[in-house]
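These notes are about the structure you will find just below.
Values in this text are rule-based calculations from the coordinates and carry no lab data. None of these values were measured; they are calculated from a predicted model. When we count neighbours, we look across all protein chains shown, and the Cβ atoms used for this are built from the backbone with ideal geometry, even at glycine.
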Amino acid sequence: MTVLEQPGSYRPIPPPAWRPRTDPAPLLPDAEPYRVLGTEAAGGLDAGLLLRLYGHLVRGRRYNGQATALTRQGRLAVYPSSAGQEACEVAAALALQEQDWLFPSYRDTLAAVARGLDPVQALTLLRGDWHTGYDPHEHRIAPLCTPLATQLPHAVGLAHAARLKGDDVVALAMVGDGGTSEGDFHEALNFAAVWRAPVVFLVQNNGFAISVPLAKQTAAPSLAHKAVGYGMPGRLVDGNDVAAVHEVLTDAVRHAREGGGPTLVEAVTYRMDAHTNADDATRYRSDAEVDTWRGHDPIALLEQELTERKLLDPSVVAAEREAAERMAADLRDRMNQDPPLDPMDLFTHVYAQQTAQLREQADMLRAELEAAAEADPATREGAQR
């Protein structure tokens, strides 16, 4: 028995220095997801911004549909659809300035397209043709991240480095609810808060980490509440209300840019399609549940607001749908063309300076290709096709 275990022994309490460094009250998220559309606040929204958001949503829904069709035709190896989540994708892209960086997950190709990336380049990785498919530095879009949440520490590192250099840069990192169960998520939030890095974390809570519902991942009141434990603000927003998501993310980006540090935003949304084309969502959720969420469709919510404000008429709807169809047709036509492939590209854009192992492997492959070309000149040409 130790001294402290003896009856009546003195048990010291922490000195006053233990007290929290941060008042937790301002960091707590709202009790209910923040909404704008359908409320009095919607009357003050800029009409031009709403119409711009509407155009992106309509094209985004068609983009998701076309990309899903391409997987069925064998033109894509896999496609994680963001149908139903378009409001989060579009708002994330439009909340950033040109010099800022977007760190997407594998489901966030639409965010990359909304930021200005060519749709074909956005799908190149999922097609299996090329490393990433685009130049991250040119577009300020990090590579699509397939491992869960590993892009979050990368976003923190870039944002912290930019702050040390004095660059006016904010990083916005996107992750799903499943990614919040990964160690990288917690490490990224901790470093970001301690360093007051100019980074915004957007959690798209779409209800399921593949087939695992949120209730089996966390007992927290919301994912936004996790921000408080790291000393940053948490915001809870209706992820299908594009105006609300855009407002919250714009405020978070501004807060980071002004030196206020990171923010964790949880957008409550829903994945209308299966996890990917390889998933059977009927095994873990009902059609009735999906139909309920269809009644809260982000495009329909914005259309209702625009119609009530007399900003949307049939001609505008038709024009946006025609633009979406042209985009889909162009995507379809270009994805149906066999890309020129060179096996030596396996060693390109991996390292700025190739390692000894890569040089050795490249030499071996080059020798094999040259030997095959001598035996059959059409071999290398066929490989490149």
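List of remarks:
- Interchain or long-range residues, amide H under 5 Å from Cys145's placed H: Ser105, Tyr106
- Along each principal axis, Cα extent of the stretch 220-273, largest first, Å: 38, 26, 15
- Dipole of the chain [Lys/Arg +1, Asp/Glu -1 at C-beta], most positive-end residue of Ala31, Gly157, Ala142: Ala31
- Local electrostatic count at Gly116 - Lys and Arg +1, Asp and Glu -1, tallied over other residues with Cβ under 11 Å: -1
- Sparse-neighbour loop sites [trypsin sites (Lys or Arg not before Pro); the stretch 270-312; at most 12 other C-beta within 10 Å; DSSP]: Lys310
- Share antiparallel - DSSP beta bridges, the chain, percent rounded to 5: 10
- Where chymotrypsin sites (Phe, Trp or Tyr not before Pro) in DSSP loops with at most 10 other Cβ within 10 Å are excluded, longest remaining stretch of the chain: 11-350
- Aspartates and glutamates with Cα under 15 Å of Lys310, excluding same-chain neighbours fewer than 8 positions away: Asp46
- Each of Ala372, Leu76, Thr109 was scored by the projection of its Cα onto the charge dipole of the chain, and the greatest displacement toward the positive side belongs to Thr109; charges sit on the C-beta of Lys, Arg, Asp and Glu.
- Working note: Karplus 6.51/-1.76/1.60 with θ = phi - 60° gives the stretch 114-130 the couplings 5, 7, x, 6, 4, x, 5, 5, 5, 9, 4, 4, 6, 7, x, 8, 7 Hz, where Gly and Pro are set to x.
- Globularity index of the stretch 195-248, i.e. its alpha-carbon radius of gyration over 2.2 N^0.38 Å: 1.26
- Reachable aspartates and glutamates, given that their alpha-carbon falls under 17 Å from the alpha-carbon of Lys165 and they are not under 8 places away in the same chain: Asp100, Glu258
- Filtered GluC sites (Glu not before Pro), the stretch 86-126: DSSP coil and at most 15 other beta carbons within 10 Å: Glu98
- Phi-derived couplings, Karplus 6.51 cos²θ - 1.76 cosθ + 1.60 at θ = phi - 60°, listed residue by residue for the stretch 358-371: 5, 4, 5, 5, 5, 4, 5, 5, 4, 5, 5, 5, 5, 5 Hz, with x used for Gly and Pro.
- In the set (1) -0.64, -1.13; (2) -0.71, -1.10; (3) -0.59, -0.99, the label that goes with log10 I(q)/I(0) by the Debye sum over Cα atoms at q = 0.10, 0.13 Å⁻¹ computed for this structure is (2).
- Residue-by-residue Karplus 3J(HN,Hα) for the stretch 212-220, coefficients 6.51, -1.76, 1.60, Hz, glycine and proline x: 8, x, 4, 4, 8, 10, 8, 9, 5
- Loop-located GluC sites (Glu not before Pro) in the stretch 248-331 whose Cβ has at most 14 other Cβ within 10 Å (DSSP): Glu258
- Counted by Cβ distance under 13 Å from Phe208, the other residues give a net charge of 0, where Lys and Arg count +1 and Asp and Glu count -1.
- In this structure the amide hydrogen of Arg235, modeled in the peptide plane, comes within under 5 Å of the amide hydrogens of Leu264, Val265, Glu266, none closer than 5 places in sequence on its chain.
- A helix-only calculation puts the chain at -13500 deg cm²/dmol for mean residue ellipticity at 222 nm, using -39500 (n - 2.57) for each DSSP H run of at least four residues, averaged over all residues.
- Under a model in which nothing but the beta-carbon of Lys, Arg (+1) and Asp, Glu (-1) is charged, the stretch 25-335 shows a dipole of about 480 debye around its Cα centre.
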